[in-house]
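> Below are the structure tokens for one structure; questions will follow.
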Amino acid sequence: MGEVRIGVYICHCGKNIGGVINPSRVAEFASKLPNVVVARDYMYMCSSPGQMLIEEDIKRHNLNRVIVAACSPRMHEPTFQGVLKKAGLNPWLLEMVNIREHVTWVHEDVPDKAEEKAKELVYAAVMRAQHLYEITIHRLPVVKSALVIGGGIAGIRAALDLANAGIKVYLVEKKQSIGGKMAQLDKTFPTLDCSKCILTPLMVDVARHPNITIYAYSEVVDVSGSAGDFKVKVRLKPTYVDWSKCTGCGYCTERCPARAPREFDEGLGTRKAIYFDFPQAVPRRPVIDPKYCLWFTKGICRACEKLCPVGAIDFNQKDRYIELNVGAIIVATGYELYDMTKLREYGYGKYKNVITGLQLERLSDADGPTKGKIVRLSDGKEPETVAIVLCAGSRDEKHVRYCCRFGCAAAIKHIYYVKHSVPEAKVFVLYTDIRAFGKGYEEFYQRLRGMDDVYFIRGRPAEIFEAKDGSLIFDVFDSNTGQLLSIKADLVVLESAVVPPKDWESLRRMLKISCDPGGFALELHPKLRPFETTADGIFLAGAIQGPKDIPDTVAHAAAAAAAAIGFLSKGEVESTPYLAVVNEDLCSGCGLCASVCPFDAIEIKEEGGRRIAKVNVIRCKGCGACAATCPSGAMQQNYFTDTQIVSEVSALAGGAK
Amino acid sequence: MLVSLEAKLINRKYLDSVKELVKPHTPQYCYQCAKCTSACTASKVIPEYKPHLIVALTRMGLIKQLLDSGIIWACTECWKCGEYCPQNVAPVEVIIALKNLAVASGYRPPEDLIAMARNVIELGRISPPIEVLSKEFEIYSRESLNLPPLVRPYAHESMRKTLKDLLGGL
Amino acid sequence: MVKVLLYLGCTIPTKQYAYEISARNVLPRLGVELVEFPEAGCCGFPLKGINKNAWIYMSARILSLASMRNLPILALCNGCDTSLRKIKTLLNEDESLRKYMAKLLANEGIELHTDVEVYHVVDLLHDVVGVNKIKELVKKPLTGIKIASYPGCHLLRPSDIPRPEDSVDPRKFDNLLSALGASVGYYPDKGGCCGATMLPYSAKYALRVVAGKIKNIKEFNFDAVSTSCPYCMEMLDAKQDAARSEVGDESISIPVFYLTQLIGLAIGLSPKELGLSLNLSPVEGVLEKLGVSLSG
Amino acid sequence: MDFKKSDVEKMKDNSIDVAFINGGIRLSEHEEMVRLLRRKSKVVVAFGSCAHLGGIPGLANLYSTSELITYAFREAPTVVNPDGVTPTASYKAPEGELELPRILKYVKPLDDVIDVDYYIPGCAPTPNIIKKALDDILSGNLPPKGTVFGSSRALCDECELNKTKPEKILLKDLKRVHQVKLDLSKCYLAQGVLCLGPVTRGGCGALCIKGGMPCTGCFGPLDNVKDFGARALSFIASIIDYDDEKLAERIIEEYLPDPAGWFYRYSLPRSLVKGRYSGGGK
């Protein structure tokens, strides 16, 4: 680019900078530094006259480097890059010096020294600017389709929104049917709508939508490629039923003689070996569970095969794999309940009458194991007293640190279930805090706490024991009354803590997204970008980002879909300016860069008999790990090359001379 | 009773020394779920004994009031509160720290405990061997039961000195 | 044959002679060689309320003395067992504490070492000797007697350090009793506390703890209780009468045995060899069932 | 003392065509001699690791002069010195006062003292590199000043085992060469053996590797790398595959008891810190 011509601009930022140091003295100092053609100070550099000043200087003095000493680059780097662009310069020929946060705000009490520091920083920037170069942004077209992983309410909502925007959607669900946890619920709080009544129409919409393809009983096994152009491998697990022939008549499931515990009932009820998850299943296509099927276990029966009117049963089915090409991925894998057997002092799994909130949902559901009657599991009798324990495993350093966010409202709903099924039952609610924060929740709480024979006890049982008659006894200190109460309950309901799904970790690694300490997917920004991830083109919907109730999940999913639509309709993806760049002549192909790259952006390729590192410009996120690792200095990072950094650092070490 | 929360009543020094003594347990994290009191052996027989309240008073720095009451000595050290506490506060550790603090600040522990401590210093055990009565009122002793005689612990003299230093002027 | 240091602590050699006698007679017959450890004093457990460092110091002493002998410690008392394992953990985790204790011990010519195995009777018998070996030695099975195992707090908690028993679902004690032919079972207060540590504060309340426990055990139809801690024994056995009068409930009455005494009976030792005449609770009924008489 | 010195002094300045100088600068005498040679020579070539980077003797920079003398003359296991005599700068002998060259505070590479035109790396330099240098100089086909003869790429580029390297190298363990049965047909680094090939200038033809020894870095860093040891340490740190700091520390304690010796074996005086150690020594 020939001769280096630098313009330096010192901002007063009103009194923020100008009130502490003298910016014109700093400009005066800068004007004498190597290759500085012009140096000025101005009251507000970011104002339009300030910007204009720079723009005119670039043209008049033929500048090819610009240094702005003002506030943090987080604040105005894009502003000044815009100025360069407008003046016809590559935006990465800009260098910012933060003399506000780093100088005047922190050294207000020693203005002389502050000014000295400002000068030194400007000097270092001038030395660094000598080595700046133009950076090219690479662009790649995006594939206008999306993958939604998980068919719960989050996945359903996201898929519908994407599909309605004209985007082709593939919805992958690991179970036989979409619907997720919401399908297992009897009612939803705070309105007490029948959960399936509001969910199943959406499920049908998904099934009918021309832009949506459902892959049920399937799982994502590999993800490669990059934002805008992902290649996704999906395993279609053998269902032993040819779904293209099957009409969903259900004749097979009625006649199957083998019984198995019903997952959908949280282990409480039974199903057949050939089954639908639930009557309203979508797709309505059964699967055979080889763990219980008599043909697979004993080599007998094959009743379903004999009875199927369309000959859809196929005992020879094997895993099948398909490959999808999508531009964006929405992760909606939801949550799981924390394993309550780990909360050993409450005896879940040991005492029959200790159940989880989700099991209570199944008891209360007309499609559940008791046809909607709430009973003691030990003897099927109606409970006289029910204790509902909140925060079971949540907010607990030994189990799950965080709040489950819906246990309180669910517990309030569960009071209703019990009172609805057994009106004369006494209900004890054992809570630490009631967090009824959602819209309409406090009103809901008020309504239920006004009911007869509902007792709110502010305390937490420590140990639950089984009495001789199978009921449960425990002591609990109630800080409302200040008394230690001894309680006997026929049924104890644990509002369990919430964790990410068990198999989530391997998927997370495939997607290369980070997780929070609880294991949930980490969002790009906890407040401002809660449905995006650090990986471009991958979005989060629902509880996989953190526990959520249904209203929040739906809102989150719709937001994720909107973000994905925005991303896909832009039509192309851009590389980061801070790309890793290989000097191929120096590269020895040792491959260490590829070993440390967290984004799989580097490949070692054979070229002319040599091995050379190649950077995928879209996958590279500019983290710099490779550049720091490269033992020969062949790998450099744009805007942060060794030469740039070393000249800046040596300038600082040597002082402003 | 109205407790005046004047600044001078809140004793930060006490609180800090408790925090130091109970590390890595964390009384400051207590959110008063009272699971400790639900579990507590002593609470079931002594209604005024409430571990969660002891932690709450400690957290408020109202430690002098707590020590004045003498209630901390009722703890059976059964460790249930420590076992079940969801915030790793381990009230039992807080209570042990408070007991230590009480002794160091001149409060007198129960007499039996003092006697035990003195015996440990002088004999190496909490008591000398005693004669016991059977149901039939026969008297038995170590000798009559042919049990080997007890000896003083190893390096008893220097152990005495160290223990006296640690236990202060009991 | 496993060789261990017999660490008696305070209460056993000064008061609870039955435990010492039965342990000395039973354990060698199960293949446990007991080596005298007379130079070991108190583990410091009773001192921790006065000064935690005095507790740590006393246990650090025992660990170091045992390490000099290069043998594992067998603690008979639950308190000793907890102390030694807790202090071992503390010293291994906290470098500055370790330095401080090493300095104190250096004064008396002891080099601080914590690399010593600590056993309690229950885990030694269950994990090292083994249930099967005990089963083989049984001559007079305790058939038809339903015994409540009562491990005691400090066999179970705190569970963040290695413990002889599982803190929530203790099974080893029951496994040992089953090996003797006794029937065992669940009762809610199995993991509960005997209240002994409350004694210096208030005998009255401590006795109520005992009464509650015996009541709970009787509710679940047990014939007897067995423990492995001298404090629990002191409370349940020696203070049983006092507890009965404290709550004024005549039903508070149950035979109480040391685990070692029951093993002794099952392998055919005489009541004298087990110190059974020192038990103050009504043990005669159970003995009669087994065809053993105290006088004989 | 050295009679040849006066001969050289008598020569005209710039009358020597090429001076090959080997060894680092340890004594005041060395400084004197190389300055003299510089004056008399048209071209100065630093020959071998010591002149190029300071070399193995440069590791002495981790200790103070008095520590070195005490160890070398009194404490080393092979020393017998009952009177505890140590060298002094001057000594009164019956023949008169004798002077010895002064030991410098630090070992320096040649270009710390004089201007150097070219470098022949290696400990020892390999024949092919020496031949290439001589050919270039004799033919007058001189490379740019400051050139280090050898490859401009790291050793891996010419190492035959490079193609056996797996896609990713992430190590849970480091091994020293005597602790494993080395598979001579597979990249040593991928076997967990600390090979410094990736960070070392090539040109030697990977002779050590062929002989079953991992590269120890005698050819020094590449042109773009300022500090050999720092780079080496940084790449090793990057491929040690632990999230847990404590486990990573364990690797360093167990397998890298002497990091300075591993990473700065030949180049401590050329490093950014130059080993200016002023503590008590170990």
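Here is a yes/no grid of residues against (1) hydroxyl-bearing (Ser, Thr, Tyr); (2) within 11 Å of chain B (Cβ to nearest Cβ); (3) open to solvent by less than 20 Å² (accessible area, probe 1.4 Å):
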| residue | (1), (2), (3) |
| --- | --- |
| C:Tyr205 | yes, yes, no |
| C:Asn216 | no, no, no |
| C:Glu219 | no, no, no |
| C:Val225 | no, no, yes |
| C:Tyr231 | yes, yes, no |
| C:Lys239 | no, no, no |
| C:Glu246 | no, yes, no |
| C:Asp249 | no, no, no |
| C:Ile252 | no, no, yes |
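> For A:Lys502, work out the one condition from (1) at pLDDT below 95; (2) away from every other protein chain (no Cβ under 14 Å); (3) under 13 Å from the mean Cα position of the chain (by Cα) it doesn't fulfil.
(3)
> Given the criterion more than 25 Å from the chain's Cα centre (by Cα) and more than 7 Å from chain C (Cβ to nearest Cβ), identify the matching residue among B:Ile114, B:Ile121, B:Ile139, B:Ile95. Give the derivation first.
On the way: B:Ile114 fails: more than 25 Å from the chain's Cα centre (by Cα); B:Ile121 fails: more than 25 Å from the chain's Cα centre (by Cα); B:Ile95 fails: more than 25 Å from the chain's Cα centre (by Cα).
Sole residue among the options that is more than 25 Å from the chain's Cα centre (by Cα) and more than 7 Å from chain C (Cβ to nearest Cβ): B:Ile139.
> What is the number of the single condition among (1) surrounded by 22 or more Cβ atoms within 10 Å (Cβ to Cβ); (2) over 14 Å from A:Leu494 (Cα atoms); (3) in contact with a strand residue (DSSP E or B) (Cβ under 7 Å, 6 or more places away or on another chain); (4) among the hydrophobic types (A, V, I, L, M, F, W, C) that A:Ala425 does not meet?
Failed condition: (1).
> Output the residues belonging to region A:217-267 that are at pLDDT below 95 and touching a Pro at 6+ places or on another chain (Cβ under 6 Å).
Hit for region A:217-267 is A:Gly267, nothing else.
> Report yes if some residue within region A:402-411 is over 17 Å from A:Lys187 (Cβ atoms), among the hydroxyl-bearing types (Ser, Thr, Tyr) and open to solvent by less than 20 Å² (accessible area, probe 1.4 Å); otherwise report no.
The answer is no, given that none of the residues of region A:402-411 is over 17 Å from A:Lys187 (Cβ atoms), among the hydroxyl-bearing types (Ser, Thr, Tyr) and open to solvent by less than 20 Å² (accessible area, probe 1.4 Å).
> Let me ask something else. Quick one: in region B:52-87, which of the residues that are among the polar types (S, T, N, Q), part of a helix (DSSP H, G or I) and free of Cβ contacts under 8 Å to residues at least 60 places away in the same chain is nearest to the other protein chains (Cβ to nearest Cβ)? I'd like the intermediate steps shown before the answer.
The initial filter retains those residues of region B:52-87 that are among the polar types (S, T, N, Q), namely B:58, B:65, B:69, B:76, B:87.
When the remaining residues are screened for being part of a helix (DSSP H, G or I), the result is B:58, B:65, B:69.
Imposing the further condition that a residue be free of Cβ contacts under 8 Å to residues at least 60 places away in the same chain reduces the set to B:58, B:69.
Working: B:Thr58: 16, B:Ser69: 12 Å.
Going through the qualifying residues, I end up with B:Ser69.
> Having 3 or more residues that are within 13 Å of another protein chain (Cβ to nearest Cβ) and of a type in the set (Asp, Glu) is the bar; report the strands (runs of 3 or more DSSP E) wholly within region A:564-607 that clear it. Don't jump to the end; show me each part of the working.
Working: elements: A:572-574, A:580-582, A:602-607.
The qualifying strands (runs of 3 or more DSSP E) are A:602-607.
> Next question. Somewhere in region C:265-272, is a residue within 14 Å of another protein chain (Cβ to nearest Cβ), assigned to a helix (DSSP H, G or I), open to solvent by less than 20 Å² (accessible area, probe 1.4 Å) and modelled with pLDDT of 95 or more?
Checked against the condition, which is being within 14 Å of another protein chain (Cβ to nearest Cβ), assigned to a helix (DSSP H, G or I), open to solvent by less than 20 Å² (accessible area, probe 1.4 Å) and modelled with pLDDT of 95 or more, region C:265-272 yields no hits at all.
> Can you tell me how many residues in region A:179-226 are aliphatic (A, V, I, L, M) and part of a helix (DSSP H, G or I)?
The initial filter retains those residues of region A:179-226 that are aliphatic (A, V, I, L, M), namely A:182-183, A:185, A:192, A:198-199, A:202-204, A:206-207, A:212, A:214, A:216, A:220-221, A:223.
Now narrow it down to the ones that are part of a helix (DSSP H, G or I): A:182-183, A:198-199, A:202-204, A:206-207.
Within region A:179-226, residues that are aliphatic (A, V, I, L, M) and part of a helix (DSSP H, G or I) number 9.
> Quick one: which of D:Lys10, D:Lys92, D:Lys105 is touching a residue at least 24 places away in the same chain (Cβ under 8 Å) and either in the same structural domain as D:Phe219 (by TED's automatic domain parsing) or open to solvent by 50 Å² or more (accessible area, probe 1.4 Å) (or both)? Step through it out loud before you land on a result.
Working: D:Lys10 fails: touching a residue at least 24 places away in the same chain (Cβ under 8 Å); D:Lys92 fails: touching a residue at least 24 places away in the same chain (Cβ under 8 Å).
Only one candidate qualifies: D:Lys105.
Here's the yes/no breakdown for (1) at positive phi; (2) crowded, with 17+ Cβ neighbours inside 10 Å; (3) out of contact with any helix residue (DSSP H, G or I) (no Cβ under 7 Å at 6 or more places or on another chain):
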{"position": "A:Ile135", "(1), (2), (3)": "no, yes, no"}
{"position": "A:Leu147", "(1), (2), (3)": "no, yes, yes"}
{"position": "A:Gly152", "(1), (2), (3)": "no, yes, no"}
{"position": "A:Ile156", "(1), (2), (3)": "no, yes, no"}
{"position": "A:Leu160", "(1), (2), (3)": "no, yes, no"}
{"position": "A:Asn164", "(1), (2), (3)": "no, no, yes"}
{"position": "A:Lys187", "(1), (2), (3)": "no, yes, no"}
{"position": "A:Thr191", "(1), (2), (3)": "no, no, yes"}
{"position": "A:Lys196", "(1), (2), (3)": "no, yes, no"}
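> Scan region C:38-51 for residues that are in contact with a Leu (Cβ under 8 Å, 6 or more places away or on another chain), touching a residue at least 24 places away in the same chain (Cβ under 8 Å) and open to solvent by 10 Å² or more (accessible area, probe 1.4 Å) and report the count.
Here the count works out to 2.
> Additional query: Select from region C:26-37 the residues that are in contact (Cβ under 8 Å) with a residue 40 or more places away in the chain and assigned to a strand (DSSP E or B) and write down the one among them that is farthest from the other protein chains (Cβ to nearest Cβ).
From region C:26-37, those in contact (Cβ under 8 Å) with a residue 40 or more places away in the chain are C:26-27, C:29-32, C:34; that's our starting set.
From the residues that got through so far, the ones that are assigned to a strand (DSSP E or B) too are C:32, C:34.
On the way: C:Val32: 18, C:Leu34: 11 Å.
So the residue we want is C:Val32.
> Within region B:28-51, take every residue that is more than 7 Å from chain A (Cβ to nearest Cβ) and assigned to a helix (DSSP H, G or I) and give me the one that is surrounded by the most Cβ atoms within 10 Å (Cβ to Cβ).
Looking at the filtered set, the residue picked out is B:Cys36.
> So which of C:Asp237, C:Asp241 ends up being under 17 Å from the mean Cα position of the chain (by Cα) and either free of Cβ contacts under 8 Å to residues at least 24 places away in the same chain or assigned to a helix (DSSP H, G or I) (or both)?
Working: C:Asp241 fails: under 17 Å from the mean Cα position of the chain (by Cα).
Sole residue among the options that is under 17 Å from the mean Cα position of the chain (by Cα) and either free of Cβ contacts under 8 Å to residues at least 24 places away in the same chain or assigned to a helix (DSSP H, G or I) (or both): C:Asp237.
> Checking the structure you have, find out if any residue of region A:442-458 is more than 14 Å from chain B (Cβ to nearest Cβ), touching a residue at least 60 places away in the same chain (Cβ under 8 Å), open to solvent by less than 20 Å² (accessible area, probe 1.4 Å) and of a type outside the set (D, E, K, R).
Scanning region A:442-458 turns up at least one residue that is more than 14 Å from chain B (Cβ to nearest Cβ), touching a residue at least 60 places away in the same chain (Cβ under 8 Å), open to solvent by less than 20 Å² (accessible area, probe 1.4 Å) and of a type outside the set (D, E, K, R).
> So if I check each of A:Thr553, A:Thr533, A:Thr481, which one is open to solvent by less than 30 Å² (accessible area, probe 1.4 Å) and out of contact with any Phe, Trp or Tyr (no Cβ under 9 Å at 6 or more places or on another chain)?
Working: A:Thr533 fails: out of contact with any Phe, Trp or Tyr (no Cβ under 9 Å at 6 or more places or on another chain); A:Thr481 fails: open to solvent by less than 30 Å² (accessible area, probe 1.4 Å).
From the options A:Thr553, A:Thr533, A:Thr481, the qualifying one is A:Thr553.
> Say we look at region A:312-354 and pick out the residues that are of a type in the set (S, T, N, Q) and more than 32 Å from the chain's Cα centre (by Cα); which of these is least open to solvent (accessible area, probe 1.4 Å)?
Once the filter is applied, the top-ranked residue is A:Asn353.
> Scanning for something part of a loop (DSSP other than H, G, I, E, B) and within 11 Å of chain B (Cβ to nearest Cβ), does region C:74-95 turn up at least one residue?
Residues of region C:74-95 part of a loop (DSSP other than H, G, I, E, B): C:76-77, C:94.
Restricting the remaining residues to those that are within 11 Å of chain B (Cβ to nearest Cβ) gives C:94.
There is at least one residue in region C:74-95 that is part of a loop (DSSP other than H, G, I, E, B) and within 11 Å of chain B (Cβ to nearest Cβ).
> Looking at (1) within 8 Å of another protein chain (Cβ to nearest Cβ); (2) open to solvent by 10 Å² or more (accessible area, probe 1.4 Å); (3) touching a residue at least 12 places away in the same chain (Cβ under 8 Å); (4) over 19 Å from the mean Cα position of the chain (by Cα), which one does C:Thr11 not meet, given that it meets all the others?
Here C:Thr11 clears every test but (4).
The values are calculated or read from the model by the stated rules, or taken from the named source; none is laboratory data. Worth saying up front: this structure is predicted, and the values here are computed from it rather than measured. Cβ coordinates were reconstructed from backbone atoms using ideal geometry, including for glycine residues, and neighbour counts include every protein chain displayed. Surface accessibility is based on the protein's heavy atoms, side chains included, excluding ligands, DNA and RNA. Shrake-Rupley method; radii C 1.70, N 1.55, O 1.52, S 1.80 Å.
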